[in-house]
């Protein structure tokens with residue numbers, strides 16, 4: 001009598017199913033990168049943000065810092081590096097870099113390499129630094145904790161993938177937030193402020209953390225922040241002069257107004273929802289709903305800090321976690337890769353067994369599923385199996401990211417009102 005043949009994927013444990021899902025996510029990411037490279041979309045999709053960083057490094061090397069914020073100069077550098085920029089379906093618009101001049105220094109060295117090689121070096125460097133720092137951060141919290149599985153789950157999450165895909169600088173932000181938490185909880189308030197100053201790389205992240213520190217009267221932390229901010233500003237003036245900073249400020253105003261490459265319809269904030277709701281209904285209704293959401297989100301983020309919180313308490317990490325989530329939802333410029341700033345607080349709360357059991361699954365799986373669904377719907381609309389719905393991919397991904405931010409914010413507010421912390 002022959003043995004009955006076992007069907008695949010039977011009797012898998014919960015971890016087994018999770019492993020299968022992680023393998024599918026990895027394959028999906030690899031297929032996306034491979035497809036974009038096969039379609040010759042390097043610096044159109046893959047590495048599009050890094051092309052901007054390489055460009056400003058090149059301009060700083062050859063023309064000086066004053067020109068790094070000039071869109072016409074950027075276009076002259078970037079357009080020849082983009083495949084088929086004259087293709088009618090690929091209207092070229094330069095991608096600007098709105099960083100303080102001091103943050104452009106590393107890219108001057110990287111701009112000495114050819115763009116494609118430079119992007120590979122940058123991606124490998126970011127991945128290595130991220131892995132090493134997350135291992136260090138986990139061991140600093142729980143020296144006996146095995147970090148391998150948690151690291152794999154985090155590395156396969158969409159915020160990290162998209163940051164590497166676009167060539168972003170969020171690894172630096174993760175380190176700044178992580179070291180801010182470690183210094184603050186270790187009673188080193190001034191040092192915590194110094195690390196917080198690193199978030200000036202993307203100053204929109206500070207819109208709620210700054211007021212929160214004022215509410216807490218964290219004067220030493222604010223002094224540390226002011227010290228590093230002054231140093232970064234002085235160094236930037238030394239590099240670019242006042243004219244360079246004026247040009248940067250003008251670019252910031254352009255970001256507020258909406259440059260084409262900002263892609264606000266693909267963000268994870270209330271602004272994104274306003275644009276999509278306005279397209280489906282009316283702009284007045286869309287913006288009215290979104291503004292109400294922004295106000296409630298900001299109030300909830302600041303509510304976390306109304307009572308005095310010792311920095312050594314777990315409630316401090318919860319408050320930082322919720323405030324950064326609120327920031328991602330409420331701030332004007334907030335793409336999905338910026339979810340990475342939540343990672344240090346997420347790791348701490350997860351290791352301390354304070355987050356809900358489903359939190360890690362929510363962090364890892366919904367965004368890739370939303371992206372896959374967006375691809376499927378896009379193909380169906382391309383072959384006219386569904387009517388065209390403009391911006392459906394950005395809406396699916398954006399709502400998922402906004403939902404994650406709001407979920408973590410609501411959980412943080414609820415946690416602060418309970419006594420189990």
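The values are calculated or read from the model by the stated rules, or taken from the named source; none is laboratory data. Computed from a prediction, not measured in an experiment: that's the story for all the values here. With ideal geometry, Cβ positions are generated from the backbone for all residues, glycine too; neighbour counts draw on all protein chains shown.
Give the residues of the range 321-349 that are over 15 Å from residue 204 (Cα atoms) and modelled with pLDDT under 95, sorted by residue number.
Taking the range 321-349 and keeping what is over 15 Å from residue 204 (Cα atoms), we get 321-322, 343-349.
Of everything in the range 321-349, nothing turns out to be over 15 Å from residue 204 (Cα atoms) and modelled with pLDDT under 95.
Evaluate the range 392-413: report whether one residue or more is over 22 Å from residue 340 (Cα atoms) and in contact (Cβ under 8 Å) with a residue 60 or more places away in the chain.
Taking the range 392-413 and keeping what is over 22 Å from residue 340 (Cα atoms), we get 392.
Retained after the next criterion (residues that are in contact (Cβ under 8 Å) with a residue 60 or more places away in the chain): none.
There is no residue in the range 392-413 that is over 22 Å from residue 340 (Cα atoms) and in contact (Cβ under 8 Å) with a residue 60 or more places away in the chain.
Here are 51, 105, 74, 128: which of them is under 30 Å from residue 21 (Cα atoms), part of a helix (DSSP H, G or I) and out of contact with any strand residue (DSSP E or B) (no Cβ under 9 Å at 6 or more places or on another chain)?
Result of the check over 51, 105, 74, 128: 128.
If you take the residues of the range 310-320 that are modelled with pLDDT of 95 or more and under 13 Å from residue 218 (Cβ atoms), which of them is farthest from the chain's Cα centre (by Cα)?
Result: 316.
With respect to residue 107, is the statement that it is modelled with pLDDT of 95 or more and within 17 Å of residue 248 (Cβ to Cβ) true? Steps first, answer last, please.
Working: modelled with pLDDT of 95 or more: yes; within 17 Å of residue 248 (Cβ to Cβ): yes.
Judged against the criteria, residue 107 is a match.
Limited to the range 122-135, what total is found for residues that are surrounded by 14 or more Cβ atoms within 10 Å (Cβ to Cβ) and over 13 Å from residue 343 (Cα atoms)?
Count: 5.
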